[in-house]
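Okay, so here's the structure we're looking at.
Readers should treat all values here as calculations from the given coordinates under stated rules, not as data from a laboratory. In this text, all values refer to a predicted model and were calculated from it rather than measured experimentally. Positions of Cβ are generated from backbone atoms using ideal geometry, with glycine treated the same way; all protein chains shown enter the neighbour counts.
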Amino acid sequence: MISMTGVYAGYGGGDVLQGLDLELAHRSVTCIVGPNGAGKSTVLRTISGQLAPRLGQIRFGGHDIAGRHPARLIKAGIVQVPQKNGLFPAMTVEENVLLGGYLRRREKAYLRGRYAQLAERFPLIAERAGDPAGNLSGGQRRTVEFARALMLEPALVLLDEPSLGLDPRSLGLVGDTVNTMRESGITVLIVEQNVRFGLGIADRGVVMESGRVLMADSAKTILDDPEMGALFLGGAP
Amino acid sequence: MRIMVIGAGCAVLALMPVLWGDAYYLNMLILIFLLAIMASSWNIMGGYTGYISLGQSAFLGVGAYTTAIAADAWSISPFLAAPLGGLVAGALAAVLGLVTFRARGNAFIMITFAMLYLLGIVALNWTSVTNGNDGMVLPALTWSRDYALWPFYYGLLGLLILTLLMSRAIASSRFGLGLTAIREDEEKAAGIGVHTSAAKLAAFVASSVPIGVAGGVYGYYLGFLDSRAMFSIVTSIMIVLAALLGGTGTLWGPVLGAFLLEPFSQLTNQLFTGPAAGAWRLIVFGGLLLAILLFLPKGIIPGVRQALARGRPAAVGKRLTLTAVPSWLAVGDGARLEARDVRKRFGGLTVLDGLGLTVEPGSITGLIGPNGSGKTTLFNLIDGAMKPDSGTILLDGRRIDGSSRWVRSRSGLGRTHQITRLFPKLSVLRNVVAGSNGSWAAPAITGAQAARGAELLDLVGLADYRDLPAGELSYGQQKLIELIQILMLQPRLVLLDEPAGGINPTQIEQMGALIRELNRTGTTFLIVEHNMPFVLGLCDTVHVLAGGRRIASGTPQEVRSDPLVLDAYLTGASQ
Amino acid sequence: MQAVLFGLLVGGVYALASSGLTLIFGVMRIVNLTHGALLIAGAFLTYTICAATGVDPFATIPVVGAVLFGLGWLIHRLVVQRAEHGGEGTVILSTLALAMILEGVIILIWGHEPHSVATSYARSSFRIGDLVFPAAQVYGSACALVLLAALHTLLNRTWLGRAVRAATANPQGAELVGIRVERINVAAFALGAALTGAAGSILAVLSPFTPDSGDQWIGLGLAIVVLGGMGSLGGALVGALALGVIETLTATYGSPAWATAMPFAVIVLTLLLRPQGIFGVRVREDVVSA
């Protein structure tokens, strides 16, 4: 589906990703975990084109997509849901969701149909269609962001800390949405601080530290690994 | 050497009328002095403080009209009335300067721009006082025609020298250091104790008074006041151009700019004649302004300085070897901090949800918790960057949640930022001393402060970087500078936001040793950190936040073995 | 009553003249001091086209709009984008520099003398009861309503409009849905210039103009946007009407000379007392802080 080999990337100061290798299987849900500063979010930014890698390859659909403009990657089927502030607060919920279809803006019928599907899938969208997105709660904003990401029927969805700032009930919604994505054939890559939650909804787990992959296995194996506590709290628990 | 050049320059200018009384050149020099006075004054607000005024010529008009009216009413020489023009200009600036309390950038430019046009219209229409369209005639000259220009020449030359002395005094005072700190990062300046509102207001007044006085002299020189010429946007543009050309924020830049620009302006007057002359001048000066903005944004003097500095070898840092902490840093007993039932929401998100915690005096207290648990927000509430929705914050038992940032900083609270915030263009030493106490009139860096700054730089092994712009240091070095910048204030409570983030393991170890050493002399520390071995090894007490509440507190051992804590970390902010 | 009516009609013309600035300053947050010069450039272009071909001034709008669109495009590409690296101050000063250059060029081409575009209908007036409606102002106000409605539709109903608002509110979020923020900003700025040019064409019919009339219009435009609150088209319309009424009442009950001071007084007072404008709401803190 997508594979990264020997990727080095960073923000001027130095490389955050230090020769990262990562491979995602088609239609899988993978969750990257690891302590702060391990480079988890940088992986997503590199895949989505917001950050060009300094070295290394990112292959997707038979091409090397490293360094391509985000707009071209969205067209190719890669969308990212950012950690925070992804929405346009003064615009309505409907406008926010529709903007997810910006790149196919000329196909009115398609957009209308797709929007109707999503409004059915997420009742909140229909209920609050005319409200400014800035008036929504944290969990509701997440829902709008998910719907927006699904407007173009992407092949790969990148979720950056989807649990951030959410209450337990909204967390359930996030889990449901990820399940739906998996069922409809979308590959999902999640970066999560909330290790139990993230690995709980994923098939595969990847543990990162210092810009590299420390361990990759089934989500369950990683979740049950006794070393995890040590990784997060330092030293033996 | 430098003094000799300046002295020689002054002597030549002072002898000019006596030795070489050609009226054409005297007139040109008078106009150069005038422009230099205005540009140097503008520079105090526009260059040092970073607030660009597009209406500075309004003070010229205000000064000229005030002087003319006063001279007429009391039948005194306009020279005697000119200082009054300066006073009125200053009073006007004090009122308009209030806008800087609430907004920066665009709003200030617009309000000065609008003020200029407004006052021009007032001068034109307030006929009973200003004589409106017919203009005002000033008294005839009372001295010999042979020396007609001399009083104006010497008057404006003297005023220029006074203006430059003021500009230099400001630049080398604590007040001036505060102004440059505001220009570089206004919020940070407030955070280290600069009284930003008062400083900005004072700077704007200082940048208006000399222009007001000059207006009085200039009006008399012209002999006739026409409201359109006195309140002209063109004059304001010339002021900005002169300052930009020579180099804003420097003492001599505006003067150099005036000496280049005024003759150039006279030249274009001669070059372009006929009906299209005005059009060509607009194009030439507009083009010049645009060219400077896009291709020489720093101006001549800083540009040349930069080119000269390029050849110089960069300083090399020593390894950090921890020397003893200077004795003046001992604060006796550190401060106690308490937060009670603090709440903060952003839009639909609750970030702090009834948080309560205590930081005991003299402790090193850690604050840990998953991303989004509210740690940095708590810091922002403690140091005054944001206001809590409800709840109280007490420093040594006194409420601080309502006080402004610089007050909190003065009462012994210091804070570093997750992403280090220094004043990048100021030298390392200036950064270090920027927040320390002292009256506005005190030198920017007193001997004692320089000595203390040097001691602190020694302490972190960065003494060799003293005179480099802080922005050129590595990230880890900047972190250390931000820490000692706060130490200059002799804080009793230091908030550190990720002191170990983004620096290498050796530096982390040294940072830990430094904190421990400082704590031994009494200072209380509250540390937000994600590096667990670092924070758990350093702290006496650790508070754990999750979901905007405190879920556990205790010694590092207790916290580490608390199942609730592990759970919070593994499940993020959601408990 | 008549004075208030006059004021509203004058305000309608002001709304027309400031519509481009409402987009560039109000929505995109660029204080564009070339606004006045662009407006006058539009008026002179209309004058020349009408003089050469004898067509109705309203027919020149597409041509004038297109020329100004190109000019706006160049200004944003070559100047505003570069100046943005130097911060807000640099952007404002560079648009001021451009305004000077543009005014100089206009004088070189058309000279200093006042110009006007004569039409048969502009000097007439309608009567309803005791109230007089000068035709020129009525047409101007009608055009303003049409233009503002078009702008409103554009911003709220078209993809370009959505992209402009998205790119201004949250550039990073905009990139994540595939909006090319730089291109959108150029296009929106150029569109604002085109609107300004179109307004200039209509103003040419309403009153005589000189190359330095631009100064007066830039003050008016800034006052309207500042008073109406940033980013609100309705606010800009109400701001324009309010300013028209204030000016007319000042002229009627005070003196016409003082009326010209009103826009500047409005800017100073609004910024001092209520920087968010009458209809502006302070933007809410909208961040998740870690």
Using a Förster radius of 25 Å, what is the FRET efficiency between C:Arg180 and B:Phe295 based on their Cβ-Cβ separation? Nearest 0.05, please.
0.35
So for the pair B:Arg466, B:Ser128, with labels modelled 7 Å out along Cα→Cβ, what separation do we get in nm?
6.4 nm
When the scattering of chain B is computed by the Debye formula from its Cα atoms alone, each counted once and equally, what is log10 I(q)/I(0) at q = 0.07, 0.11 Å⁻¹?
-0.53, -1.00
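Taking only DSSP H segments of four or more residues, each worth -39500 (n - 2.57), what value at 222 nm results for chain C once the sum is divided by all its residues, to the nearest 500 deg cm²/dmol?
Values: 12 runs with 190 residues, N = 290.
-21500 deg cm²/dmol, from helical runs alone.
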Stretched fully, the stretch from B:Ala276 through B:Arg345 gains (0.36 nm per residue minus C-alpha distance, one decimal, in nm) 18.7 nm
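Identify the chymotrypsin sites (Phe, Trp or Tyr not before Pro) of the range B:237-310 meeting these criteria: DSSP loop state and at most 16 other C-beta atoms within 10 Å of the C-beta. Write down the numbers at each step before the final one.
Working: sites: B:Trp252, B:Phe259, B:Phe264, B:Phe272, B:Trp280, B:Phe285, B:Phe295; in loops: B:Trp252, B:Phe272.
For chymotrypsin sites (Phe, Trp or Tyr not before Pro) across the range B:237-310 that sit outside H, G, I, E and B with at most 16 neighbouring Cβ atoms in 10 Å, the list reads B:Phe272.
Quick one: work out the % antiparallel among DSSP beta bridges in chain A, nearest 5. Don't jump to the answer; show the numbers that get you there.
Working: 21 of 38 bridges.
Roughly 55 percent of the beta bridges in chain A run antiparallel, per DSSP.
Given +1 on the Cβ of Lys and Arg, -1 on the Cβ of Asp and Glu, and no further charges, what dipole in debye does the protein assembly as shown carry about its Cα centre, rounded to the nearest 20? Please report the intermediate quantities before stating the final value.
Numbers: 81 positive and 71 negative charges, 90 e Å.
My answer is approximately 420 debye.
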Quickly work out the B:Leu98-to-B:Trp150 label distance, labels modelled 7 Å from Cα along the C-beta direction, and quote it in nm with one decimal.
4.7 nm
Measure nothing but the geometry: give the 0 to 90° angle between the long axis through the Cα atoms of A:138-150 and the longest principal axis through the Cα atoms of chain A, rounded to 10°.
80 degrees
Under 5 Å between amide hydrogens, which residues at least 5 positions from B:Ser173 or on another chain qualify, with H placed 1.01 Å from N in the peptide plane?
B:Ala444
Residue by residue through the range C:206-220, which ³J(HN,Hα) values in whole Hz follow from phi under the Karplus form 6.51 cos²θ - 1.76 cosθ + 1.60 (θ = phi - 60°), with glycine and proline marked x?
7, 8, x, 9, 10, x, 8, 4, x, 4, 5, 6, 5, x, 4
Computed over chain C: longest principal axis from alpha-carbon atoms vs helix C:2-17 long axis, angle to nearest 10 degrees, is 50 degrees
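Can you give me the span-like helices of chain B, meaning DSSP H runs with 24 Å or more of Cα extent along the axis and Kyte-Doolittle mean at or above -0.5? Mind showing how you got there, number by number?
Details: long enough: B:2-19 (25 Å, 2.10); B:23-43 (29 Å, 1.54); B:57-74 (26 Å, 0.97); B:78-96 (27 Å, 1.93); B:106-125 (29 Å, 1.91); B:150-171 (31 Å, 1.45); B:253-271 (26 Å, 0.58); B:277-295 (26 Å, 2.13).
Helices meeting the criterion: B:2-19, B:23-43, B:57-74, B:78-96, B:106-125, B:150-171, B:253-271, B:277-295.
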Mind listing the long-range amide H neighbours of A:Val29? Cut-off is under 5 Å, sequence gap 5 or more, other chains count too, H placed in the peptide plane at 1.01 Å from N.
A:Val188, A:Asp203, A:Arg204
Collect residues whose amide H, placed 1.01 Å from N in the peptide plane, falls under 5 Å from the amide H of B:Leu545; neighbours closer than 5 in sequence don't count.
B:Ile368, B:Gly369, B:Ile551
Under Karplus coefficients 6.51, -1.76 and 1.60, residue-wise ³J(HN,Hα) of the range B:398-411 in Hz, glycine/proline x:
9, 5, 10, 5, x, 7, 7, 4, 5, 5, 4, 5, 5, 8
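In what sequence do A:Thr187, C:Thr46 fall when counting other Cβ within 10 Å, fewest first? Could the numbers behind the result be given before it?
On the way: A:Thr187 22, C:Thr46 28.
In increasing order of surrounding Cβ atoms, one gets A:Thr187, C:Thr46.
What is the mean number of Cβ atoms from other protein chains located within 10 Å of the Cβ atom of each residue in peptide C:84-97, rounded to a whole number? Working shown, then result.
Numbers: counts 0, 2, 4, 4, 7, 12, 5, 4, 7, 11, 6, 1, 11, 14.
Across the residues of C:84-97, the mean count of other-chain Cβ atoms within 10 Å is 6.
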With 10 angstrom as the radius, rank B:Leu473, A:Leu173 by how many other C-beta atoms surround their C-beta, starting from the fewest.
A:Leu173, B:Leu473
Computed [θ] at 222 nm, deg cm²/dmol, chain B (DSSP H ≥ 4; -39,500 (n - 2.57); rounded to nearest 500):
-17000 deg cm²/dmol
Obtain the nm distance between the two label points defined at B:Trp328 and C:Leu273 by a simple spin-label model: each point lies 7 Å from its Cα along the Cα-to-C-beta direction.
5.0 nm
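Output the relative contact order of the range C:2-273, whole-number percent, from Cα pairs under 8 angstrom with separation of 6+ residues.
On the way: 441 pairs, mean separation 111.6, N = 272.
Across the range C:2-273, relative contact order equals 41 percent.
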Spin-label zone in the range B:165-188 - amide nitrogen under 11 Å from a point set 7 Å from the Cα of B:Val407 along the C-beta vector:
none
What angle, in degrees between 0 and 90 and rounded to the nearest 10, separates the Cα long axis of helix A:168-183 from the longest principal axis of the Cα atoms of chain A?
90 degrees
So if each residue of separation counts as 0.36 nm, and I subtract the Cα-Cα distance between A:Ala76 and A:Glu23, what length gain in nm does that give?
17.3 nm
Quick one: work out the % antiparallel among DSSP beta bridges in chain B, nearest 5.
60 percent
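Relative contact order for chain B using alpha-carbon pairs under 8 Å, separation at least 6, rounded to a whole percent? Present the calculation step by step, with values, prior to reporting the outcome.
Details: 1075 pairs, mean separation 99.2, N = 575.
The value is 17 percent.
Could you tell me which of the pairs B:Lys375/B:Lys425; A:Lys40/B:Lys387; A:Lys40/B:Lys344; A:Lys220/B:Lys344; B:Lys188/B:Lys479 are separated by over 25 angstrom between their Cα atoms in the structure shown? Intermediate values should be presented prior to the final figure.
Values: B:Lys375/B:Lys425 30 Å; A:Lys40/B:Lys387 32 Å; A:Lys40/B:Lys344 28 Å; A:Lys220/B:Lys344 37 Å; B:Lys188/B:Lys479 14 Å.
Beyond 25 Å between Cα atoms: B:Lys375/B:Lys425; A:Lys40/B:Lys387; A:Lys40/B:Lys344; A:Lys220/B:Lys344.
Tell me the relative contact order for the range A:86-153 as a rounded percent, counting alpha carbon contacts under 8 Å between residues six or more apart.
Details: 78 pairs, mean separation 36.6, N = 68.
Relative contact order here is 54 percent.
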